[in-house]
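Okay, so here's the structure we're looking at.
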Amino acid sequence: MKTAEILNKEKLTREDLLYLMNTEDPKDLNLIYEKAYEIKEKEVGKKVFYRGLIEFSNNCIKDCNYCGIRRSSGNVERFFMDKKDILESARWIYENNYGSLVLQSGERQDEEFILFVEDVIKEIKELSGGKLGITLSLGEQNRETYKRWFDAGAHRYLLRVETSNKELYKKMHPQDGKHNFENRIICLKELRNIGFQVGTGVMIGLPGQSTEDLVEDLLFYEKLDVDMIGMGPYIISDETPMGEEYRDKVMSKEKRVSLGLKMIALSRIYLKDINIAATTALQGLDPLGREKGLKAGANVLMPITTKDEYRAKYQLYNDKPCIDDTADQCKGCLAGRVKSVGDEIAYGEWGDSPHFFKRK
Ligand code: 5AD
């Protein structure tokens, strides 16, 4: 009863969000998902936008305690795709009418890398006659770098804050001066000022993370006025400090999936007209995770289009799905999944977040 009452409100309070975040009754959960889907239909439609994901390098200067490709992991075969291979993936994305792509890699801040990315952006624009939208997910950079990449033709940027709880952020990252919560916020603000559509997100079900923290994450999204959200459950990555410490202590898969879906639904209900991705990590814990994400209000999918020989090397966490598939197989598989939900794939569109165009 109380759930239905809250869902009827125009604007939810922190207390309302916390009540819903703590709800576990299946009937109430269904009400939340239904409401989120209704708002999705109204605000962004039943269209699902694809972003072909090119994970072009696992070299990283960061050492995040949860991540499989952290700098000090000795067990990773490092790779850096050359321009030809990246452009080949971009061409595949263009020819398959995905509309836009995401360039993602481990973080690097040297001039060689910055220039490489700048060139790749320009060449992707050229090969698609300006038609492919380009999102970047390349970590923390300075304003000048962001501006160079924006001027080269990228127009969206994803930078997860990982958690809006500063203390938790500290525990998840080495205190070596390179992993700084405040700097991430500065980056998100710079990106916005430059004119990027800005996306952020968190991991869900982190050791030491409470449902209060997750509600604060939602309020953080609102405060930063973000256009896009990409978030997913935390998944153990072996041979990382957190993987070793929490292997047997992390909350159950079911619980993490359920919280992940609730975060998607409550983001949709609370923030309404933003883009929300149903991420691969959701599917990593539940074979139907991405479909459930769409049902809970997500409207973006990021099919992996990284070339086959590199996929298995971009392992942020254990048992990452889709690493044995080709881009063609992913395309067919996802099309079936989208249809099963009753959504429709919006081929060939950039699918910008409507929220961005209402920016004051
Ligand atoms: N579990 C889930 N997500 C992870 N990421 C990194 N490591 C993990 C993990 N063990 C996510 C982070 C990062 C994104 C690229 O991948 O949120 O921002």
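A short reminder: the numbers here are calculations on the coordinates, not readings from a lab. Not measured: the values here are computed from a predicted model. Note: ideal-geometry Cβ built from the backbone for every residue, glycine included; neighbour counts use all protein chains shown.
Overall shape: oblate for segment 1-93, with the ratio a/c of the largest to smallest alpha carbon gyration tensor axis at 1.5 or above and b/c at least equal to a/b.
For an R0 of 51 angstrom, estimate the FRET efficiency from the Cβ-Cβ distance between Asn8 and Asp319 and round to the nearest 0.05.
On the way: r = 40 Å, r/R0 = 0.79.
In this case the efficiency is close to 0.80.
Comparing Cα centroids, segment 106-181 and segment 14-74 end up 20 angstrom apart.
A simple packing score, the average count of other Cβ atoms within 10 Å per residue, orders the peptides 105-112, 50-57, 90-97 as 50-57, 90-97, 105-112, with the highest score first. Only DSSP H runs of four or more residues enter the estimate; each adds -39500 (n - 2.57), and after division by the residues of the chain the mean residue ellipticity at 222 nm equals -13500 deg cm²/dmol.
Using a 4.7 Å Cβ-Cβ cutoff, the cysteines of the chain lacking any partner cysteine are Cys60, Cys187, Cys322, Cys330, Cys333. Tell me the net charge near Thr240. Cut-off is 13 Å between Cβ atoms, Thr240 excluded, with +1 for each Lys or Arg and -1 for each Asp or Glu. Net charge around Thr240: -1. If only the Cβ of Lys and Arg carry +1 and only the Cβ of Asp and Glu carry -1, the dipole of the chain around its Cα centre is close to 700 debye. The label-point distance for Leu224 and Thr211, in a model that sets each label 7 Å from Cα toward Cβ, rounds to 2.5 nm.
For segment 241-351, rounded, prolate or oblate, judged on the Cα gyration tensor with a ≥ b ≥ c (square roots of eigenvalues), a/c < 1.5 rounded, else prolate if a/b > b/c? Oblate, since a/c reaches 1.5 and b/c is not below a/b.
In this calculation the C-beta distance from Asn22 to Thr326 is compared with R0 = 45 Å, giving a FRET efficiency of 0.60.
Among rounded, prolate and oblate, which fits the chain when a ≥ b ≥ c are the square roots of the eigenvalues of its C-alpha gyration tensor, a/c under 1.5 means rounded, and a/b larger than b/c means prolate? Rounded, because the longest to shortest axis ratio a/c is under 1.5. Selection among Leu301, Gly205, Asn180 by position relative to the dipole of the chain gives Leu301 as farthest towards the positive end (Cβ unit charges, Cα centre).
With 27 Å as the limit, the listed pairs Lys35/Lys189; Lys62/Lys189; Lys223/Lys339; Lys249/Lys331 have Lys35/Lys189; Lys223/Lys339; Lys249/Lys331 beyond it between alpha carbons.
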